[in-house]
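Encoded as structure tokens, the structure appears first; notes follow it.
The values are calculated or read from the model by the stated rules, or taken from the named source; none is laboratory data. Computed from a predicted model, the values in this text were never measured in an experiment. Neighbour counts are summed over all protein chains in view; Cβ atoms, including those assigned to glycine, are modelled from backbone coordinates with ideal geometry.
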Amino acid sequence: MGYTLTEKIIKNHLVSGSMKPGEEIGIRIDQTLTQDATGTMAYLQFEAIGIERVKAELSVSYVDHNMLQTDYRNMDDHRFLQSCASKYGIYFSRPGNGICHQVHLERFGVPGKTLIGSDSHTPTNGGIGMLAIGAGGLDVAVAMAGAPFHIKMPEVVGVKLSGRLGDFCSAKDIILTLLGLETVKGGIGKIYEYFGDGVRSLTVPERATITNMGAELGATTSIFPSDDVTREYMKYQGREDSWTALSADEDAEYSRVVEIDLNEVVPMIAKPHMPDNVVPVSDVEGTKVDQVAIGSCTNSSINDLAIVAGVLKGKVIAPNVSLGVSPGSRQALLTADSLGILSDLIASGARILESACGPCIGMGFAPASGSVSLRTFNRNFKGRCGTPDAGVYLASPETAAATALKGYIADPRKLGRSKKRNLLDRLIVDDDMIIPPSEKPSEVEIVRGPNIKPVPSGRPVEEDFKATVLIKVGDDITTDHIMPAGARILPLRSNIPEISKHVFEPLDPEFYLKAKEAGTGVIVGGENYGQGSSREHAALAPMYLGICVVIAKSFSRIHKANLVNFGIVPLLFKEKSAYDTIEAGDKLLFEDLRKNLSSGKVITVRIEGRKEAAIETICDLPDRFVEILLEGGLLRYTKKKIENEK
């Protein structure tokens, strides 16, 4: 039996374990990336480990999230990041150079290499045949220190594409179709690998759109083969010498295969407030829209911009619509300017936003209260846009352009013939905004502003203790619920004492005070607890507040790993019906927890004051993760391991 492409790359990077689904593996990491909202903490953690120089083949620090400089805090973080990059051997992509995932795809991604990034949409680079995985910042810091990255070996699900997309249908419609089939929980523990005759009809930016939004499936990552289309893209980037042909063996076997006939794909749209709440655009056509936003790491390539400009050229957007366009990279912006695309967009009434994440994370361009915003982004969680009562729809650039023109959700196929253009051969390659690391690192001084605070350390798991259930939440709780983003809170990412005041703020504004009063706390969650962003602050800040255990029906992959990294015990209900037994305010008794974690036994949790009330839980973690928990988190574990090896 042959290998899938995923298995081939893992096999070439395997350090420990065997490639049996569900077993823990350690893989060598070739490249890392960080962005500024997660990067400051990642580099503080890297410093704490005590390594003088990054050991990965390539590490890049991007500034693309915290771009609003309403006070000193974001700019202070940027100075810190630039000085860290120079000293520790990391390339620095300056503010204005673009969104990390698109820039990395353009300038650094290499087929067959491994990449982990402190952002959940790192799988974007699977569009060129990389094994690209999102992770918490501490996992990235440890990989930069030269250690393997550990995960459970995922199942490999094949997605067979056949046929060719019709007019005004796009890659966004493909991934929305898949989300409708698989749901936001369907990809947990899985990698989606694309193959079939339909793959050749998709450009690299289109493939990257699909792998980018694969994160919304809960998948470990998604990947396309590296073929002649990939080679052509890398040639236009001036990096053809980094290209390698890669694909699955003809007799490779997938755990299962999902088939999508591209001829049958229609314009799709995700309704509020979840990326898998998907219907055909025709089902909601006519819905009045107040705002349209085009961009993000999902749909902001030069081809996406050209699609929108082609629809809007010579016309003006509807009077009830505010249109914002964010080019994904400086490369896309320069190319759009040279080809007259920017002029067409501006003439139509579009507002050109900077090449950054911006509206996608609630960093500017928030919609009006109670309004409807249609976006080409990847997430539409309630309140993520910066307006708690806005309704956000997700759709393709084609649908977004048609909607901006009409003032209501419109099926783009009614515009006539497609205006899709492939402009990759016209790209302007310019790396002047990427700064290489210093050749004299000893002369570089790290610049720290007053908002940059030391990294809090986790605490070893106690044997016996009592803790209060501080909050009980339902299914599909996102990291935006736990640790909100947005212009008000993101500048606090390097200051855990301050950002911890906002934990669970959207669900319970009193959570911080309850946690401080309780001292030791427990969170109870439903299915898919912690889905969404890779932000480790959704584990780090609760740890700082004394959260020691989270009991849930199931966890998202990245958040579960982040909980372990900061010494918070993730427990699963043995019987999911036991979820109904616990209420917020209950005091839970944990006995022999360290011993039972080590032995893998069922962990019985008792509710104080109820004689017969006991809940059985399990800790579904590999032995290494249990060792990390017992030590008090990955930072303590790694430092101890390095000291023992000296």
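Tabulated values for the structure
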item	result
Test: residue in segment 423-438 that is in contact with a Pro (Cβ under 9 Å, 6 or more places away or on another chain), farther than 18 Å from residue 303 by Cα, surrounded by 15 or more Cβ atoms within 10 Å (Cβ to Cβ) and aliphatic (A, V, I, L, M)	yes
Failed item in (1) closer than 24 Å to residue 491 by Cβ; (2) of a type outside the set (Gly, Ala, Ser); (3) part of a helix (DSSP H, G or I), with residue 60 passing the rest	(3)
Residue tally, condition among the β-branched types (Val, Ile, Thr) and either within 23 Å of residue 587 (Cα to Cα) or assigned to a loop (DSSP other than H, G, I, E, B) (or both), over segment 489-518	2
Strands (runs of 3 or more DSSP E) lying entirely in segment 5-45 (those with 1 or more residues that are within 18 Å of residue 58 (Cα to Cα) and in contact with a helix residue (DSSP H, G or I) (Cβ under 6 Å, 6 or more places away or on another chain))	24-27, 31-35
Residues (closer than 18 Å to residue 171 by Cβ, assigned to a helix (DSSP H, G or I) and either among the basic types (Lys, Arg) or in contact with a Lys or Arg (Cβ under 8 Å, 6 or more places away or on another chain) (or both)) located in segment 400-420	400, 402, 413
Condition broken by residue 126, with the remaining ones in (1) within 29 Å of residue 17 (Cα to Cα); (2) part of a helix (DSSP H, G or I); (3) touching a Leu at 6+ places or on another chain (Cβ under 8 Å) satisfied	(3)
Selection within segment 519-531 - touching a His at 6+ places or on another chain (Cβ under 8 Å) and either within 15 Å of residue 35 (Cβ to Cβ) or assigned to a strand (DSSP E or B) (or both)	529, 531
Options 81, 33, 44, 14: the member that is under 30 Å from residue 155 (Cβ atoms) and surrounded by 19 or more Cβ atoms within 10 Å (Cβ to Cβ)	33
Filtered residues of segment 460-488 (kept if more than 20 Å from residue 565 (Cβ to Cβ), in a loop (DSSP other than H, G, I, E, B), in contact with a Phe, Trp or Tyr (Cβ under 9 Å, 6 or more places away or on another chain) and aliphatic (A, V, I, L, M))	473
Entirely in segment 283-354, the helices (runs of 4 or more DSSP H) that have 3 or more residues that are crowded, with 24+ Cβ neighbours inside 10 Å	302-312, 330-338
Residue in segment 532-543 that is surrounded by the fewest Cβ atoms within 10 Å (Cβ to Cβ), counting only those that are touching a residue at least 60 places away in the same chain (Cβ under 8 Å) and not in a loop (DSSP other than H, G, I, E, B)	543
Pairs where the first residue, in segment 35-53, is touching a residue at least 40 places away in the same chain (Cβ under 8 Å) and the second is of a type in the set (Gly, Ala, Ser) and surrounded by fewer than 24 Cβ atoms within 10 Å (Cβ to Cβ), C-beta under 7 Å, 6+ apart	46/145; 49/145; 51/145; 53/89
Of the criteria (1) touching a Lys or Arg at 6+ places or on another chain (Cβ under 9 Å); (2) surrounded by fewer than 19 Cβ atoms within 10 Å (Cβ to Cβ); (3) acidic (Asp, Glu); (4) under 24 Å from residue 582 (Cα atoms), which one residue 498 fails	(4)
Residue match in segment 87-96 (condition: closer than 18 Å to residue 360 by Cα and under 20 Å from the mean Cα position of the chain (by Cα))	yes
Inter-residue pairs, beta-carbon under 6 Å, first free of Cβ contacts under 8 Å to residues at least 60 places away in the same chain and in segment 352-381, second surrounded by 21 or more Cβ atoms within 10 Å (Cβ to Cβ) and outside any loop (DSSP other than H, G, I, E, B), 6+ apart	352/325
Residue check, residue 560 under 17 Å from residue 140 (Cβ atoms) and charged (D, E, K, R)	yes
Residue match in segment 260-268 (condition: farther than 27 Å from residue 176 by Cβ and in the same structural domain as residue 58 (by TED's automatic domain parsing))	no
